[in-house]
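Worksheet: one structure, shown below.
Every number in this text was worked out from the coordinates using simple rules, so none of it is lab data. Everything numeric in this text was worked out from a predicted model, so none of it was measured. As a convention, Cβ positions derive from the backbone with ideal geometry for all residues, glycine included, and neighbour counts pool all protein chains shown.
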Amino acid sequence: MTSWNRPFGLLGDRKVKYARFDKGFGGEAFYALLESKGIGYVGKLKWTERLAKEVQACRYWKRYVDEDWIIEGITLIYKATTWEKARRVAVIRKAQMFEEEGQGRIVFDTDWQYEAMVTPLDWEPLDVWRFYNQRCCMENYIKEAKSGFSIDRIATGDFQANELDLLVKLLAYNLFERFKHDCCEPVHQRYTIARFRKEFFHCAAVLIRHSRSMVLKLVQIFAGRYAWKRIEGRIAQLE
């Protein structure tokens, strides 16, 4: 329990209202800690055979979507073998519909995909599921930081130097995000750093040997030149 408390010490007097986490953080000690602090949480559960049997006993599913995908949800009170008490569990199942001539829309029992989330929040299962899925955006941020700014590469064998290297990379990442927000046009605000480099910084060139010297001639125009001029104007206004 002590190790789980450490991150909260860094927050000082600031309160945490909600938390969401994947099944790697599950467990009685973690749930109990969040509950003791009055934090509403949504955590993914491992889909076990025991949980599946209890879900199969539920007959009254609430349907939320009836388009290309059918999404249904239920809530149940469930106690895992390692828990000290039963908790509320929201379960979502979804299946893609098929249309066959003369038979309409068909969904088979084997088509359902199940997801279970433990939560103390008295929300509809669909709202619990949507709240949990918001954490998926974080995976994209981490991927961008790795592929675009190389935060996963260890620069040296010295801990302090590596820490500084990581902080500089994170600063560059945050500056790029702020730059897109403040200076770029809406169409460019979703660009990754790789795409931004390709469209604005990478340009065609020809290497010419002339009079015993090498000359690199860059192209004078490029497709995004007008957008870049507008971006430059917004940068100048920040000063």
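Determine the gain in length on full extension of the stretch Leu10-Lys46; use 0.36 nm per residue of separation and subtract their C-alpha separation, reporting nm with one decimal.
Extra length available between Leu10 and Lys46 comes to 10.0 nm.
Rounded to whole Hz and in sequence order, give me ³J(HN,Hα) for the range 52-57 from the Karplus expression 6.51 cos²θ - 1.76 cosθ + 1.60, θ = phi - 60°, writing x for Gly and Pro.
Once θ is set to phi - 60°, the couplings for the range 52-57 become 4, 5, 5, 5, 5, 6 Hz.
Out of (i) 1.02; (ii) 1.47; (iii) 0.94, which label holds the value of Cα Rg over 2.2 N^0.38 Å that was computed here?
Recomputing Cα Rg over 2.2 N^0.38 Å here picks out (ii).
Between beta-carbons, use under 12 Å as the cut-off and find the net charge around Glu115, counting Lys and Arg +1, Asp and Glu -1.
+4
By how many degrees, 0 to 90 and rounded to 10, does the Cα axis of helix 136-149 deviate from the longest principal axis of the chain?
With rounding to tens, the tilt is 30 degrees.
For the range 152-165, just list the computed ³J(HN,Hα) in residue order, Karplus coefficients 6.51, -1.76 and 1.60, θ = phi - 60°, integers in Hz, with x standing in for Gly and Pro.
8, 9, 8, 6, 9, x, 9, 4, 5, 5, 5, 4, 5, 4
Please check: in the Gaussian network model of the chain (C-alpha springs, under 10 Å), which one of Ile70, Ile154, Ile39 has the largest mean-square fluctuation.
Ile154
So how far apart, in nm, are the two label points at Gln134 and Phe159 if each is 7 Å from Cα heading toward Cβ?
Going from the Gln134 label point to the Phe159 one covers 3.6 nm.
What is the set of long-range amide H partners of Leu121 at a cut-off below 5 Å, with H atoms built 1.01 Å from backbone N?
Tyr41
Run the paramagnetic zone check for Arg195: 7 angstrom along Cα to Cβ, then residues of the range 140-169 with backbone nitrogen under 17 Å.
Label zone hits: 140-149.
Ala32 versus Lys146, label points 7 Å from Cα toward the beta carbon: distance in nm?
For the pair Ala32/Lys146, the computed spacing is 3.4 nm.
In whole percent, what relative contact order does the chain give with Cα contacts below 8 Å and a gap of six or more residues?
Relative contact order of the chain: 13 percent.
Looking at the square roots a ≥ b ≥ c of the eigenvalues of the Cα gyration tensor of the range 2-134, which shape do they give, rounded for a/c under 1.5, prolate if a/b is larger than b/c, or oblate?
Judged from the Cα gyration tensor, the range 2-134 comes out prolate (a/c at least 1.5, a/b above b/c).
Fully extended, how many nm does the chain gain between Glu185 and Trp83 (0.36 nm per residue separation, minus their Cα-Cα distance)?
This chain segment gains 31.7 nm when fully extended.
From the phi of every residue in the range 7-17, what ³J(HN,Hα) in whole Hz does the Karplus formula 6.51 cos²θ - 1.76 cosθ + 1.60 yield, where θ is phi - 60° and glycine or proline is x?
Per residue, the Karplus-derived 3J(HN,Hα) values read x, 5, x, 6, 7, x, 7, 6, 9, 9, 9 Hz.
Along the Cα→Cβ direction, 7 angstrom out, place labels at Leu121 and Ala204. What is the inter-label distance in nm?
With each label point 7 Å from Cα toward Cβ, the separation is 5.2 nm.
Which FRET efficiency value, to the nearest 0.05, is calculated for Ile39 and Leu167 with the Förster distance at 45 angstrom and r the Cβ-Cβ distance?
0.95
Exposure proxy check: Ser147, Ser36 ranked by fewest other beta carbons within 10 Å?
Ascending number of Cβ neighbours within 10 Å: Ser36, Ser147.
Which whole-angstrom value gives the distance between the alpha carbon centres of the range 6-59 and the range 148-173?
Each part reduced to its Cα centre gives a spacing of 31 Å.
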